[in-house]
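Note sheet for the following structure.
The values are calculated or read from the model by the stated rules, or taken from the named source; none is laboratory data. Note that the coordinates shown come from a computational prediction; the quantities given were computed from them, not determined experimentally. We place every Cβ from the backbone using ideal geometry, glycine too, and count neighbours over all the protein chains shown.
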Amino acid sequence: MLDFPIKHIDGNLVFGHDGTVTAYYQVSGFNYDFLDHDDKFIPFQSQLAFLFNNRYDLHYIAEPFPTNIEEIINSSIEEMKLKTYELKQNGLQYMEMLRKALVEQRNMMETSEYREYIGVQLLPELNKYKDTNAGLSVFNSMKEFARGLNSQIHRAVGINANDILESEIEIWKEQADTILESVQSAFNCNIKTASTAETVYLIEKEFSVTQSNIDIEQRRDFSTSEAVVGIDEEGEAQKAIRPVEQSFIEIQNTNIDEVTPTSLKFSKVIENDEVKNLHVKYLVAHTMDTENYFPNFEWIYFIQSKLSFPVSISVRAYHQSNERITKKLSNKRLEFKDQRKEALKAGVSTDLSLDQSESGAIQAENYFKKTGQPAYSCSFVFKVTGESEKELNTRAKRLKDEMIKYGIKIVAPYGEQLNLLMEKILGSRQINQDYKIEVDSGVLAGMMFGATTNIGDNRGFFVGYTERLKRPVFIQPDLAAKAFDGLGNIEDSISALVAGATGKGKSFFMNLYTYLSLLTGSQALIIDPKGDRKDWDSLPLIPKDYISKWTLGMTKDDAGCLDPFRTSVDVEEGKSVTVDILSYLTDVKISDVGYSIISEAVEETGRMDDPCIGAVISLLEAQYEKGSDVMTPTRFAALESLVNTLRSLKRQKLSDLLFGEVDQNYKVLKVDKPLQILMVENLSLPDGKSVTLRPSQKISEAILISITAFTKQYMFKQERTRHKIVLQDEASTIDNSPIGRELMDFIVRKGRFYNTTLLKGSQNATDHGDDVPNMGMKFSFGLRTTKEAKEMLEFLNLPQTRGNIDRIRSMSKGKCLFQDIYGRTAVINIDPVFSDLAKAFDSSTSTEEERERERQRQFGGNYDPEPTNQTA
């Protein structure tokens, strides 16, 4: 049994046997990889200010959590089993195949996600370094002793000295909540207090015997105490908790052998009586360059983003006030002077090292006097693990070699492995006093604690892997709307923005996103103005019986089905959309006489039993037939222009879809299957460059506006509990129309309430306009121009540096810049995993045989027409 340092845990509060109370907070992380040289100083200065004003002892923790693919997929499967939807069995079958495929990939490469925590010791009077002289220290000790004797806990009968009053715990919680604000200002990202289960997990993780931590689990009902009640001198009941030391034995249930003076071997019996072993080595920073040369000192961020194996890091930073550190340095200078005097008496000369040390002490003293900042006495501990002793030593050597690049020399102290194990535990203290490094605030801020490479939700379905270290990326489309406690998301919208030039993989990704959502319980409406999905008669694991594909305009039976009175949610909205469409088609502005004529006719039509645009046109024609005698010349001229224009537009082929007729036997747009695809035959959309639009182009745009109105019906009339997706491809056309813009905005803003994701795709970043602040996830595939790249970087709140612009412009096919609902950004590779899906969503014109011949042409060898890719 080891000398365990903790006596009680309550939420994020860890009570130590030494009387300290430490509050731990999780740092969700902030973007760093895309910052330029100047922008990197923003998070640096924030942390520097926090450390400058801080007066507490701190504990930094960077803990690797190997990506447990099986756990994520198993959790998704359990969520799917709780739902009722048509494709459940197909979805479960897909997830089982996905699990097998990804586990095989994982065996070839180990990946980890790092979670970072900062602990703040809440009792400055128990700081390791105190600013008192000997006499004052004795006086304060006597004062504290007298106060302890008179405290409520000693005056209450039935309460022991080791018990903790509930009222005292509440005071600590209030203080921890106050400190939370200053911690948030330090890291410019979401900060949350750790839960009891999370805190216990971090402690138990220290005793894990597997690199994937499969031998430990969240202990949600874990308790470290029992409730007691005492009676004080006034007869009042005093509630308290009594720590139970035995409660911590279970989480230390690991056999630990000191196999060598510098390494340990953990052993534990897990499932099926299998004994698991793990080799562990603890290393400490022996020397470190104490001068701050940020940037390029971000060694914690480097470990997370560059090393392929997990490294656990603990940094204990003990606060020393400016007065203490300057006094300490002054005393050091006096020591150097004494050494010179003694050398002079002995008739010997001092060596160069003394001169250098004295010079360094003088410079440091001047620096601290000038800046007024505190210093921190630090202990840096690294934990490396391996399945074998050889793997352990190889990793330890690699870590040493990499850290030396940052001026940090690390060693595994002889015979100190168990002490370093206990020192690293939450709520503990520095045990080995031989490796202390004193630094200024800038050195701690410069290690860039809190910068993250994490991305995605770690739940839902798999979409690909990160460009760096190939970490798997999972997303859950509707997660932002769940409002789960402690989720830490900064975006509440479940809509997603997708931008990318032709051929970069934008449409492929949107198809994959929609397909995987369907298999995991969602339903989808795809608005496909170009007909790219006309061959989707069936998809892998989605038979044709579950797909409703409607190509509008193919038959006369489609006539009138897109009349805005018939696609809108109600008559009032139908009137509004109809007025906007007719005024748009006839080039009438609100200040024109023609606008009031249209508005009056639409209003009258709205009172009919079967309102439609055909009825509006009939009313206008009836007024026109009455002649100019019954109205002013100006009004008659406007009416004549309207009638002539609308008659001309009715001759357009697509107008039959839009201009409904009274008592017409029209099809009703309805969604009775998981996947509904709406396409329009011969749709002619403008390219955004034409100043004057042809009639067919205006009709085409009006049709898209009417279809967009139908999506509101889709939102309103489906079950709110079921997640829905509206895939709007080529959304720029809709945005160019005021009514289309208004309807799209409605879907984005109300989508969270109606559990509907707008998956909005467009070729340019500038097409998305004002929607961006209301979007959750954002995906940027390769963009062609500098202007578009800059716009996308602004959307992502990333600096518009030349490097970032070039990165977006040079993005190869299938890669995208992804920003999740937590505000984190990374480049990811979209991976459908199975060749069946790659073929189903491929929009290129080449056949598999042509691609194979091209590969043979480039790389040589004989042509083999038989595909060998894995299929679903």
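Looking at the structure I just gave you, is ARG459 touching a residue at least 24 places away in the same chain (Cβ under 8 Å), surrounded by fewer than 24 Cβ atoms within 10 Å (Cβ to Cβ) and either among the β-branched types (Val, Ile, Thr) or out of contact with any helix residue (DSSP H, G or I) (no Cβ under 8 Å at 6 or more places or on another chain) (or both)?
Values: touching a residue at least 24 places away in the same chain (Cβ under 8 Å): yes; surrounded by fewer than 24 Cβ atoms within 10 Å (Cβ to Cβ): yes; either among the β-branched types (Val, Ile, Thr) or out of contact with any helix residue (DSSP H, G or I) (no Cβ under 8 Å at 6 or more places or on another chain) (or both): no.
No: the conditions fail for ARG459.
Taking SER568 and the conditions (1) crowded, with 21+ Cβ neighbours inside 10 Å; (2) closer than 30 Å to LEU817 by Cα; (3) modelled with pLDDT under 90, which numbered condition does it fall short on, given that it satisfies the others?
SER568 satisfies every listed condition except (2).
Give the number of residues within the range 679-700 that are closer than 23 Å to LYS534 by Cα, touching a helix residue (DSSP H, G or I) at 6+ places or on another chain (Cβ under 6 Å) and modelled with pLDDT of 80 or more.
Residues meeting the conditions: 1.
Taking the condition of being surrounded by fewer than 21 Cβ atoms within 10 Å (Cβ to Cβ) and aromatic (Phe, Trp, Tyr), how many residues in the range 272-298 meet it?
Residues that pass the stated criteria total 2.
(1) assigned to a loop (DSSP other than H, G, I, E, B); (2) at pLDDT below 70; (3) buried (at least 16 other Cβ atoms within 10 Å of the Cβ): which one isn't true of ALA364, the others all being true?
(1)
Quick one: which strands (runs of 3 or more DSSP E) sit completely within the range 387-488 and have at least 3 residues that are modelled with pLDDT of 90 or more and under 25 Å from PHE65 (Cβ atoms)? Even if it seems obvious, please write down each step before you answer.
Numbers: elements: 408-411, 437-440, 461-466, 472-475.
Passing ranges, in order: 461-466, 472-475.
Quick check on my filter: what residues within the range 227-252 are within 25 Å of GLY119 (Cα to Cα) and either more than 37 Å from the chain's Cα centre (by Cα) or in a loop (DSSP other than H, G, I, E, B) (or both)? Full working, then the answer.
We begin by selecting, within the range 227-252, every residue within 25 Å of GLY119 (Cα to Cα); these are 240-252.
Listed by number, the residues that qualify are ALA240, ILE241, ARG242, PRO243, VAL244, GLU245, GLN246, ILE249.
With the condition being of a type outside the set (Gly, Ala, Ser) and more than 20 Å from LEU743 (Cβ to Cβ), I'd like the helices (runs of 4 or more DSSP H) fully within the range 541-607 carrying at least 1 qualifying residues. Full working, then the answer.
Numbers: elements: 564-567, 571-585, 593-605.
It comes to 593-605.
Looking at the range 107-121, is at least one residue of a type in the set (Val, Ile, Thr), outside the structural domain of ARG824 (by TED's automatic domain parsing), in a strand (DSSP E or B) and surrounded by 15 or more Cβ atoms within 10 Å (Cβ to Cβ)?
Yes, there is a match, as at least one residue in the range 107-121 is of a type in the set (Val, Ile, Thr), outside the structural domain of ARG824 (by TED's automatic domain parsing), in a strand (DSSP E or B) and surrounded by 15 or more Cβ atoms within 10 Å (Cβ to Cβ).
To keep it simple, each residue is scored yes or no on (1) part of a loop (DSSP other than H, G, I, E, B); (2) at pLDDT 90 or above; (3) crowded, with 20+ Cβ neighbours inside 10 Å; (4) among the basic types (Lys, Arg).
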| residue | (1), (2), (3), (4) |
| --- | --- |
| THR733 | no, no, yes, no |
| ARG741 | no, no, no, yes |
| MET744 | no, no, yes, no |
| LYS760 | no, no, yes, yes |
| ASP770 | no, no, no, no |
| PHE779 | no, yes, yes, no |
| LYS790 | no, yes, no, yes |
| LEU798 | yes, no, yes, no |
| ILE808 | no, yes, yes, no |
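Only one of these is in contact (Cβ under 8 Å) with a residue 24 or more places away in the chain, surrounded by fewer than 18 Cβ atoms within 10 Å (Cβ to Cβ), in contact with a Leu (Cβ under 8 Å, 6 or more places away or on another chain) and not acidic (Asp, Glu): THR634, THR645. Name it.
Details: THR634 fails: in contact with a Leu (Cβ under 8 Å, 6 or more places away or on another chain).
None of the other options fit; the residue is THR645.
Looking at the range 778-827 only, could you name the residues that are out of contact with any helix residue (DSSP H, G or I) (no Cβ under 8 Å at 6 or more places or on another chain) and closer than 25 Å to GLN26 by Cα?
LEU796, ASN797, PHE818, GLN819, ASP820, TYR822, GLY823, ARG824, THR825, ALA826
Take the residues of the range 240-263 that are of a type in the set (D, E, K, R) and modelled with pLDDT under 90: which is surrounded by the fewest Cβ atoms within 10 Å (Cβ to Cβ)?
Going through the qualifying residues, I end up with GLU250.
Go through (1) free of Cβ contacts under 8 Å to residues at least 24 places away in the same chain; (2) aliphatic (A, V, I, L, M); (3) not assigned by TED's automatic domain parsing to the domain that holds THR287 and name the single condition VAL473 misses.
(1)
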